[in-house]
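Have a look at the structure below, then the notes.
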Amino acid sequence: MLDALDLKPGMSVLEIGTGTGQTATRLAEAGARVTTVEPTLDLAPTPPPALAARITVITGDAEKGAPDQAPFDRVVSPAGTHKIPPAWIEQTKEGGRIVVPYTGPEYPGALLALSVTKGTATGGATTDKTTVRPRRGKHQKSPRPTPAGPLNRLHLTATPTSQTVSFT
């Protein structure tokens, strides 16, 4: 997943779902400035002292991202989703990238890498099927049907108001 980010030192990254803090730590070690969103204050870990200046932990709704810290070069969500939240697109810089496991009915478990241009996130699957955990959010359900086509042909386009999935 981190390879799919194509991360460069100095980039700003929004991580959705802090969890143990391991991903935020790895991103900061790679030179990124990380803002990580955890829905529950009790679960938000304290960054390692050596990396505390590079990691900001906030609590809030993952679907809303971190508008006060935006825009971001990269958005990454270790937890899967079947619909890209509009805020993630809006908070990604022009030319930025969103990386997230896809849990939609067309190919649940595909790891998506989406490039953001002119308010539209477009891309497809990057690797074989990945293990995903469902993202916690008010509007998320995680369907688990059989894939509808070959992974390498999965293509997704999302805007703040719509999303289409196809096999090219």
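Here are the numbers for the structure shown:
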| quantity | calculated |
| --- | --- |
| Taking D68, D73 and counting other C-beta atoms within 10 Å, the order from fewest to most | D68, D73 |
| Residues with amide H under 5 Å from that of T103, placed H, sequence gap 5 or more | T81, H82, G109 |
| Ranked packing of 98-107, 54-63, most packed first, by mean Cβ within 10 Å | 98-107, 54-63 |
| Calculated FRET efficiency for the pair E90/N152, C-beta based, R₀ 25 Å, to 0.05 | 0.30 |
| Charge tally in the Cβ shell below 9 Å around F167, where Lys, Arg are +1 and Asp, Glu are -1, F167 excluded | 0 |
| Spacing of the two label points (7 Å from each Cα toward its C-beta) at L41 and L2, in nm | 3.0 nm |
| Centre separation in Å (Cα based) which lies between segment 105-126 and segment 1-62 | 21 Å |
| Net charge of neighbours whose Cβ lies under 10 Å from the Cβ of T92, counting Lys and Arg as +1 and Asp and Glu as -1 | 0 |
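No lab work stands behind these numbers, since they all come straight from the coordinates. Source: prediction; values computed, not measured. Cβ atoms come from the backbone with ideal geometry, glycine included; neighbour counts cover every protein chain shown.
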